[in-house]
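The values are calculated or read from the model by the stated rules, or taken from the named source; none is laboratory data. Here the structure is a predicted model, which means the values were calculated and not measured. Methodologically, a virtual Cβ is constructed for each residue, glycine included, from the backbone with ideal geometry; neighbour enumeration extends over all protein chains shown. SASA here: full protein model, heavy atoms, side chains in, ligands and nucleic acids out. Shrake-Rupley method; radii C 1.70, N 1.55, O 1.52, S 1.80 Å.
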Amino acid sequence: MMRIDVIAELQLTAADDAAIAALLREAFEEDFGGRSFHMQRHHVRIVARDAGALVGHIALLMREIRLDDRLTPVIGVAEVATRADRRGQGIAAAMLAEAIAQARGSMARFMVLFGDRPIYAGYGFRPATNQLTWSALDDVRSTGIRTGVDAGLMVLPLRDEVWDDAAPVDLVGHVF
């Protein structure tokens with residue numbers, strides 16, 4: 001039976017860290033260097049387990065960004081992965097539903113991700129075309145400040161608030 005666990009980064013065990021790293025290595029074309037994260041550790045991990053084995057992962061981070069010039073709390077979604085032999089079984093959907101529930105219980109006003117999967121639109125995420133500013137990280141090194149539009153930017157309002165596509169966005173950190 002599948003179980004969804006929510007793990008604060010501070011409570012992540014070495015065994016879970018290694019299992020997540022192995023899953024990410026399998027799921028992504030990019031090598032994360034054996035890490036359980038792309039460029040920076042997260043705040044919360046949502047993992048799916050079946051018979052004790054890790055079969056899925058989503059990372060969440062909370063951050064204040066600048067939407068126009070207003071500080072705006074958001075939950076960033078990163079590193080969504082399902083074990084290859086378990087794809088198409090609703091694992092990512094179950095984890096995403098839990099991620100949204102966690103975000104709705106927080107102070108965040110929006111969830112933000114960079115992706116292109118139809119599953120996100122099915123949960124209400126929509127593309128956004130904002131001009132972005134972010135801290136560039138390459139191979140887990142700060143390499144400068146970048147600006148531009150990212151076609152993968154997707155946003156989900158968590159409250160009764162509308163995301164302003166015309167507003168410049170300063171991610172006040174790296175891309176999730």
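Under a 1.4 Å probe, what is the accessible area of the stretch 32-176 per residue, stated in Å²? Mind dumping the intermediate values first?
Details: 6670 Å² over 145 residues.
With all protein chains present, the stretch 32-176 gives 46 Å² per residue.
Hey, can you rank 74-84, 40-50, 134-144 by average C-beta count inside 10 Å, highest first? Spell out each step's value before the answer.
Numbers: 74-84: 21.7, 40-50: 19.5, 134-144: 12.1.
Packing order, densest peptide first, comes out as 74-84, 40-50, 134-144.
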## Note on the structure
Computed over the chain: longest principal axis from alpha-carbon atoms vs helix 14-27 long axis, angle to nearest 10 degrees, is 70
### Query
Helix 91-104: angle to the longest alpha-carbon principal axis of the chain, degrees 0 to 90, nearest 10?
50
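Under Stokes-Einstein, with the Kirkwood radius over Cα pairs standing in for Rh, what whole-number D in µm²/s applies to the stretch 33-162 at 37 °C and 0.692 mPa s?
For these conditions, the coefficient is 208 µm²/s.
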### For the stretch 55-64, 3J(HN,Hα) per residue [Karplus equation, 6.51 cos²θ - 1.76 cosθ + 1.60, θ = phi - 60°, Hz, x = Gly/Pro]
10, x, 7, 9, 9, 10, 9, 9, 8, 8
### Gain upon complete extension [GLN11, GLU30; 0.36 nm per residue less C-alpha separation]
4.2 nm
### Task
Can you tell me the dipole magnitude for the stretch 88-145 around its Cα centre, using point charges on the Cβ only (Lys, Arg +1; Asp, Glu -1), in Debye to the nearest 20?
240
### Summary
Counting all Cα-Cα pairs in the stretch 1-104, those more than 21 Å apart amount in percent to 33
### Query
In sequence order, what are the phi-derived ³J(HN,Hα) couplings for the stretch 140-150 according to the Karplus relation 6.51 cos²θ - 1.76 cosθ + 1.60 with θ = phi - 60°, rounded to whole Hz, with x for glycine and proline?
6, 9, 5, 10, x, 10, 10, 9, x, 9, 10
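Just the number, please: carbon plus sulfur as a percent of the accessible area of the stretch 20-80, 1.4 Å probe, no ligands or DNA/RNA counted. Intermediate results must be reported in sequence, preceding the final value.
Details: 1210 of 2490 Å².
Carbon and sulfur: 49 percent of the exposed surface of the stretch 20-80.
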### Task
Just reorder MET2, MET107, MET39 by solvent-accessible area, largest first, 1.4 Å probe, all chains present.
MET107, MET2, MET39
### Task
Return the long-range amide H neighbours of ILE65 (sequence gap of 5 or more, or a different chain), with a cut-off of under 5 Å between placed amide H atoms.
THR72, VAL74
### Query
How far apart, in nm, are the 7 Å Cα→Cβ label points at ARG104 and ALA18?
3.8
